[in-house]
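A short worksheet on the structure shown next.
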Amino acid sequence: MYKQQDKELAEKILNFSCELKEGQNVMLQLTGLNGVELMRALVETARELKVHPFIQINDTDIQRMLVEKGDEDFWKRQAEADQLPLMKQMDAFVGIRASQNIYEQSEATKKANEAYSNEFLKPVHFEERVNNTNWVVLRYPSPAFAMNAKMPTEKFKEFYYKACLLDYSQLAEAMKPLEERLRDTDMIQLKGEGTDIQFSVKGQNWIPCFGKRNIPDGELFSSPILSSVDGHITYTSSVYQGKPFDYVKLEVRDGVVVDFDSSNNEQLEEILDTDAGARQFGEFSFGLNPIIEKPMHDILFDEKIYGSNHLTLGNDYEIAPNGNESNIHWDLVCIGADVYLDGEKIREGRKFITDDLKVLNPENLI
């Protein structure tokens, strides 16, 4: 029926992440039939908790067709007649992404993606689900996922459950010294190969993430003062809207991307031209999961890589705002840059070097 690890993961999600109580409603959404074993474990666990699960199982090929052929009227009706009223009744949301092909929607046009984002994702997920439910999203392992990670399937599954079932209470405690430092910080600077960028975070809110919204988890995020971002930054490989990028380089002045280079400049320019906020930054974060070592073209894992940071193009989060509004939110990841807080080097490459922060290095968390 399902693996024991799926039962353990389901219990962690519904008890620890969603903090569900008897009688509450939870939407369990599976995109890709590959993750049905975890869905079964979630349904059984929900009923054991006397929670009411609302089930959505989406075929990825049908989803691709809808995105490619959908327009503003179609997605507006989908949101208003069905998904938005239902989401407003939910206390929690669990989204399992189990696609076998991360490039499934790569042929969707810019116009089609904008219609989907503006009329469906924004009202249903960015505005309602993110702000008004205890939500958690995660991927599910597959041979295709293992291939992106360049690992044998069975070894990847072992890695997946180890990363997802991390002791998040221990990680939460280890984050506290860094959070304290960041709340007193004005300027942050990243310096490394192809990267020399700085920005202010003075007075900004910082959010420690330890298994409440993402699985796997392990990050500490805020947002930069919009106009303060200045310099250049080089990111590792990424996939966004089904479109692959081997690398992305951005040149930034007064908080706005003024020049760029990548392995796919035509698609990058389309993304940057989505709206004015797409050329500005809505999030900055430290990746802190000690199990995740390298990119695998899945942002829920890649943004948690230890010794990494992501400086995110697009929309901010209401919980840590900076005023940027956009229909994109692209967590681009920079790995191994030295990090300076108000001129003091706190991380050299991927390892923290100050005594109070060494607790965050992998050898002290595993």
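Please treat every number below as a calculation from the coordinates, not as lab data. Not measured: the values here are computed from a predicted model. Glycine gets a Cβ as well: all are built from the backbone with ideal geometry, and neighbour counts include every protein chain shown.
Put in line by how crowded their Cβ is, counting other Cβ atoms within 10 Å and starting with the fewest, ASP186, ASP254 read ASP254, ASP186.
If the segment from TYR247 to ILE319 were pulled out straight at 0.36 nm per residue, it would be longer than the present Cα-Cα gap by 23.0 nm. Run through the DSSP bridge list for the range 80-239 and note the antiparallel percent, rounded to the nearest 5. Antiparallel bridges make up about 60 percent of those DSSP assigns within the range 80-239. Taking Cβ atoms as reference points and 9 Å as the exclusive limit, the residues near PHE286 contribute a net charge of 0, counting Lys and Arg as +1 and Asp and Glu as -1.
Site pair LYS150 and LYS21 shows an inter-label distance of 4.8 nm when each label is modelled 7 Å from Cα along Cα→Cβ.
Please list, by residue number, every one of the trypsin sites (Lys or Arg not before Pro) in the range 1-55 that is coil in DSSP and has at most 14 other beta-carbon atoms within 10 Å. Write down the numbers at each step before the final one.
Values: sites: LYS3, LYS7, LYS12, LYS21, ARG40, ARG47, LYS50; in loops: LYS3, LYS21, LYS50.
Counting only loop positions with at most 14 other Cβ atoms within 10 Å, the trypsin sites (Lys or Arg not before Pro) in the range 1-55 are LYS3, LYS21, LYS50.
For LYS7, the lysines whose Cα comes closer than 20 Å to its Cα, not counting residues fewer than 8 places off in the same chain, are LYS21, LYS50, LYS155, LYS157, LYS162, LYS212. Modelled spin-label separation between GLN100 and ARG47, with each label point placed 7 Å from Cα along the Cα-to-Cβ direction: 2.9 nm.
Applied to the range 59-64, the Karplus parametrisation 6.51 cos²θ - 1.76 cosθ + 1.60 on θ = phi - 60° returns per-residue 3J(HN,Hα) values of 7, 5, 5, 5, 4, 4 Hz, with x for Gly and Pro. With both residues required to sit in the chain, DSSP beta bridges show an antiparallel share near 70%. Backbone geometry of the range 328-335 corresponds, through the Karplus equation with coefficients 6.51, -1.76 and 1.60 at θ = phi - 60°, to 3J(HN,Hα) couplings of 10, 8, 10, 7, 7, 10, 10, 10 Hz, x marking Gly and Pro. Between GLN89 and GLU68, the modelled labels are 3.4 nm apart [label points 7 Å from Cα along Cα→Cβ].
For each of PHE199, PHE156, count neighbouring Cβ atoms within 10 Å of the residue's Cβ, then give the residues from fewest to most. Mind dumping the intermediate values first?
Values: PHE199 24, PHE156 20.
Ordered from fewest to most neighbouring Cβ atoms within 10 Å, PHE199, PHE156 come out as PHE156, PHE199.
Highest first, please rank the peptides 267-278, 308-319 by the mean number of other Cβ atoms sitting within 10 Å of their residues. Don't skip to the answer; put the middle values down first.
Numbers: 267-278: 17.5, 308-319: 22.6.
Per-residue mean Cβ counts within 10 Å order the peptides as 308-319, 267-278.
If the reach is capped at under 23 angstrom between alpha carbons, list the lysines near LYS76, excluding any in the same chain fewer than eight residues apart. Correct list for LYS76: LYS88, LYS110, LYS111, LYS122.
Can you say what percent of the DSSP beta bridges in the range 263-362, counting only those with both residues inside, are antiparallel? Round to 5.
Details: 17 of 18 bridges.
Percent antiparallel among DSSP bridges in the range 263-362 is about 95.
Label zone (HIS232, point 7 Å along Cα-to-C-beta; backbone nitrogen cut-off 14 Å) within the range 254-280: 258-262.
Taking the fewest neighbouring Cβ atoms within 10 Å as the starting point, the ordered list for ASP6, ASP217 is ASP6, ASP217. For the pair GLU11 and ASP196 in one chain, pulling the backbone fully straight at 0.36 nm per residue adds 62.3 nm over the alpha carbon distance.
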